[in-house]
Amino acid sequence: MPSYLEISPDKLSRILGTPNAPILIDVRTDEDFARDTRLLPGSIRRSHADVGIWAKSVHGPAVIVCQGGRKLSHGVAAYLRHEGVNSEVLEVGFEAWTSFGGIAVPSDKLPRDDQGRTLWVSRSRPKIDRIACPWLIRRFVDPSAVFLFVPASDVELVADRFAATPFDVENVFWSHRGELCTFDVMVEEFGLASEPVNRLATIVRGADTGRPDLAPEVAGLLAASLGLSRMYNDDLEQLDAGSTVSVLRKRRPVR
């Protein structure tokens, strides 16, 4: 049984991706990280040696992850608690998470800017896929991800000039593949497949590709997306509003 200072992989898996999920901070050494460069969904990498510098930027409950759930994570968690941040340690660390079968996201899929954020670009006036994909990324891949919405004709040029990753446009890696929409592709490539996420992917695919027969919720998601596009002129405001639309009640662990 974990102590009150620890959280088990099973318990953590049940709250990942929910609005009240804790901040996940990976403090594995560079040597340990090099052996397995995957990350817990939505986690950020920080150095335990620099905790005095970045501790004040942490707001809200946090779970600290090191390789074995011992000195590094407990030391960092204790430091954060000293700073007033409610902090726990992932019991037995990253090793236990992978043994448990928890989702681990490959960190080498995308370039990051000098602040460690992923940068994405797509067509303006986002709907369905271009709302669902940012939601997925911020919940399970990179909470600090930046999204740029530009005219369709400028996506490629902006991606080149700003070192951004294009998505949901033609002839790029992160886009439709056969009958799959971009959301499906991201679920597959980031290793996020689980019963709840797969169910959500079916709904998004149905709404994005005109397949209302795929799930009863498809029509509702499509209607909500079209309605929001009429309500907002600002793409980022529309993204924020669209990200709050809940089409699936997640009840089972994300594993």
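The values are calculated or read from the model by the stated rules, or taken from the named source; none is laboratory data. All values derive from a computational prediction rather than experimental measurement. Cβ sites come from the backbone with ideal geometry, for glycine too, and all protein chains shown count toward neighbours. With ligands, DNA and RNA removed, areas are computed over all heavy atoms of the protein, side chains included. Shrake-Rupley method; radii C 1.70, N 1.55, O 1.52, S 1.80 Å.
Take the Cα of ASP154, step 7 Å along the line toward its Cβ, and report every residue of the stretch 121-143 whose backbone nitrogen sits under 17 Å from that point.
Within reach of a label on ASP154, which here means backbone N under 17 Å from a point 7 Å along Cα→Cβ, the stretch 121-143 contributes 121-126.
Mean residue ellipticity at 222 nm from the helices of the chain, using -39,500 (n - 2.57) per DSSP H segment of n ≥ 4 over the full residue count, to the nearest 500 deg cm²/dmol?
For the chain, the value works out to -11500 deg cm²/dmol.
Based on the Cα coordinates of the chain, what is the per residue volume of their convex hull in Å³?
Details: hull volume 34.2 nm³, N = 255.
Spread over its residues, the Cα hull of the chain gives 134 Å³ apiece.
Mind checking the full-extension length gain between MET231 and LYS56? Use 0.36 nm per residue of separation minus the Cα-Cα distance, one decimal, nm.
59.3 nm
Between LEU214 and ARG117, what FRET efficiency comes out of the Förster formula 1/(1 + (r/R0)^6) with R0 = 41 Å and r the beta carbon distance, rounded to 0.05?
Between ARG117 and LEU214 the formula returns 0.80.
Measure nothing fancy, just the Cα-based angle from helix 195-208's long axis to the longest principal axis of the chain, in degrees from 0 to 90, nearest 10.
20
Give me the 1.4 Å probe accessible area per residue for the chain, excluding ligands and nucleic acids, in Å².
It amounts to 51 Å² per residue over the chain.
Mind giving me the nanometre distance, one decimal, between the label points for ASP108 and TYR79, set 7 Å out from Cα along Cα→Cβ?
2.8
Can you give the FRET efficiency to the nearest 0.05 for PHE173 and TYR4, using r as the Cβ-Cβ distance and R₀ = 45 Å?
0.55
With the Cα gyration tensor of the stretch 70-172 giving a ≥ b ≥ c as the square roots of its eigenvalues, does the rule (a/c under 1.5 for rounded; else a/b larger than b/c for prolate; else oblate) give rounded, prolate or oblate? Intermediate results must be reported in sequence, preceding the final value.
Working: a/c = 2.74, a/b = 2.24, b/c = 1.22.
Since a/c reaches 1.5 and a/b is larger than b/c, the shape of the stretch 70-172 is classed as prolate.
Measure out, as a whole number of angstrom, how far apart the alpha-carbon centroids of the stretch 58-92 and the stretch 110-142 sit.
Value for the Cα centre distance between the two parts: 27 Å.
Is the shape of the stretch 3-44 best called rounded, prolate or oblate, per the rule: a/c under 1.5 gives rounded, else a/b larger than b/c gives prolate, else oblate, with a ≥ b ≥ c the square roots of the Cα gyration tensor eigenvalues? Before the final figure, lay out each step's value.
Working: a/c = 2.34, a/b = 1.62, b/c = 1.44.
In terms of gyration-tensor shape, prolate.
What is the percent carbon and sulfur in the accessible area of the chain, measuring with a 1.4 Å probe over the protein chains and ignoring ligands?
Whole-percent figure for carbon plus sulfur exposure: 51.
Roughly how far apart, in whole Å, are the Cα centres of the stretch 144-188 and the stretch 7-53?
When both Cα centres are located, 26 Å separates them.
Could you rank VAL185, VAL150 by how accessible they are, 1.4 Å probe, largest area first?
Putting VAL185, VAL150 in descending order of accessible area: VAL150, VAL185.
Name the shape class, rounded, prolate or oblate, that the alpha-carbon gyration tensor gives for the stretch 104-255, where a ≥ b ≥ c are the square roots of its eigenvalues, rounded holds for a/c under 1.5, and otherwise prolate holds if a/b is larger than b/c and oblate otherwise.
oblate
Taking 8 Å as the Cα distance limit and 6 or more residues as the minimum spacing, I'd like the relative contact order of the chain as a percentage.
18
Only loop residues by DSSP count here, and only those with at most 10 other Cβ atoms within 10 Å; note down the GluC sites (Glu not before Pro) in the stretch 147-227 that meet that.
Qualifying residues, ordered by number: GLU170, GLU179.
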